[in-house]
Every structure is written in C-alpha cells, then in structure tokens.
Amino acid sequence: MPQPERTCIGCRIRATKSSMIRVAWQPELSAVSVDEKQSLPGRGAYVHLSIPCLEKGQRRVRGALRIPGTVDWRTVSDPWAFLRTLAKLDQAQLSATSGFD
C-alpha cells in the first residue's frame with residue numbers, strides 16, 4: 001500500500017509524509033509550531049529536513065498556512081532554528097557514518 005505523499009513548501013517536491021516535518025499555525029498562540037506527532041489541529045505544511053528547504057520554507061510558510069494579517073515574528077517561537085539544528089546534526093551523522101570522508 002503506498003504511503004501518503006505531501007509537497008515540501010521549500011523545494012515543492014512531493015515525498016512521503018513520513019520523510020518530512022510538519023509545521024502548523026496555532027492562532028491561539030499566534031505561533032508557528034513544529035508538529036512532531038502530526039496531530040495538531042488546523043492547517044499544516046510539510047518541509048524536508050534540509051537547510052535549503054527550511055530556508056525557502058521559512059519565506060513561504062505564511063502563504064502555505066494562510067496566516068491572516070501580520071505576525072509579530074519576535075513573539076513567535078522559532079521552529080526554523082530548531083529544524084536547522086536538527087538538519088545540521090543529521091548531516092553530521094550522515095558524514096560520520098558514510099565511510100567516504
């Protein structure tokens with residue numbers, strides 16, 4: 001049985017849902033949050049765990065999540081910093097175990 005696919009908001013390439021991270025707009029918090037369990041209510045968007053996708057996704061998230069009005073990004077928790085850290089760790093682990101270094 002095929003796995004569900006989603007489109008990355010960064011690169012706009014379709015991939016399996018399980019290979020991406022979901023972010024969701026939480027209007028009661030006025031925050032964009034990482035939805036680790038993929039269970040938060042409301043509109044969500046998916047992004048690959050790679051620096052280029054995260055950087056492009058950060059620019060596109062407002063439209064993808066249809067966030068109304070303006071968002072004071074200083075008061076919003078920064079899921080992108082968290083995801084960039086994860087992506088760097090993931091790349092470091094891949095380099096350490098690849099055997100091609």
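The values are calculated or read from the model by the stated rules, or taken from the named source; none is laboratory data. Quick caveat, the model's predicted, so the values are computed rather than measured. Counting neighbours? That spans all protein chains shown, and the Cβs are built from the backbone with ideal geometry, glycine included.
Modelled with pLDDT under 85 and of a type in the set (Gly, Ala, Ser): does that describe SER98?
Working: modelled with pLDDT under 85: yes; of a type in the set (Gly, Ala, Ser): yes.
So SER98 fits the description; yes.
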Worksheet entry | Residue list for segment 26-50, restricted to those being more than 11 Å from the chain's Cα centre (by Cα), hydroxyl-bearing (Ser, Thr, Tyr) and either more than 19 Å from GLY69 (Cβ to Cβ) or assigned to a strand (DSSP E or B) (or both) | SER39
Worksheet entry | Residues satisfying the stated conditions in segment 33-55, i.e. at pLDDT below 85 and small (Gly, Ala, Ser) | SER33, GLY42
Item to complete: Please name all residue pairs, on different chains or six or more residues apart, with Cβ atoms under 6 Å, provided the first residue is in segment 9-22 and is farther than 19 Å from LYS37 by Cα and modelled with pLDDT under 95 and the second residue is of a type outside the set (Val, Ile, Thr) and surrounded by 22 or more Cβ atoms within 10 Å (Cβ to Cβ).
Response: GLY10/CYS53; GLY10/GLY57
Worksheet item: Taking segment 8-20 as the search range and keeping residues that are surrounded by fewer than 19 Cβ atoms within 10 Å (Cβ to Cβ) and not β-branched (Val, Ile, Thr), which one is nearest to ARG66 (Cα to Cα)?
Response: ARG12
Fill in: Number of the exception - PRO4 against (1) surrounded by 10 or more Cβ atoms within 10 Å (Cβ to Cβ); (2) modelled with pLDDT of 70 or more; (3) touching a strand residue (DSSP E or B) at 6+ places or on another chain (Cβ under 8 Å)
(1)
Item to complete: Quick one: count up the residues across segment 3-20 that are in a loop (DSSP other than H, G, I, E, B) and polar (S, T, N, Q).
Response: 1
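Could you say which residue among VAL23, VAL61 is buried (at least 19 other Cβ atoms within 10 Å of the Cβ) and in a strand (DSSP E or B)? Don't jump to the end; show me each part of the working.
Values: VAL61 fails: in a strand (DSSP E or B).
Just a single option satisfies the conditions, and that option is VAL23.
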Worksheet item: Got a sec? Which of LEU54, LEU65, LEU49 is more than 13 Å from TRP80 (Cβ to Cβ) and not charged (D, E, K, R)?
Response: LEU65
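Name the single residue that is nearest to ALA87 (Cα to Cα) among those in segment 7-38 being among the polar types (S, T, N, Q) and out of contact with any strand residue (DSSP E or B) (no Cβ under 9 Å at 6 or more places or on another chain).
So the residue we want is SER18.
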Worksheet item: Is it the case that segment 72-89 has a residue that's at pLDDT below 65 and in a helix (DSSP H, G or I)?
Response: yes
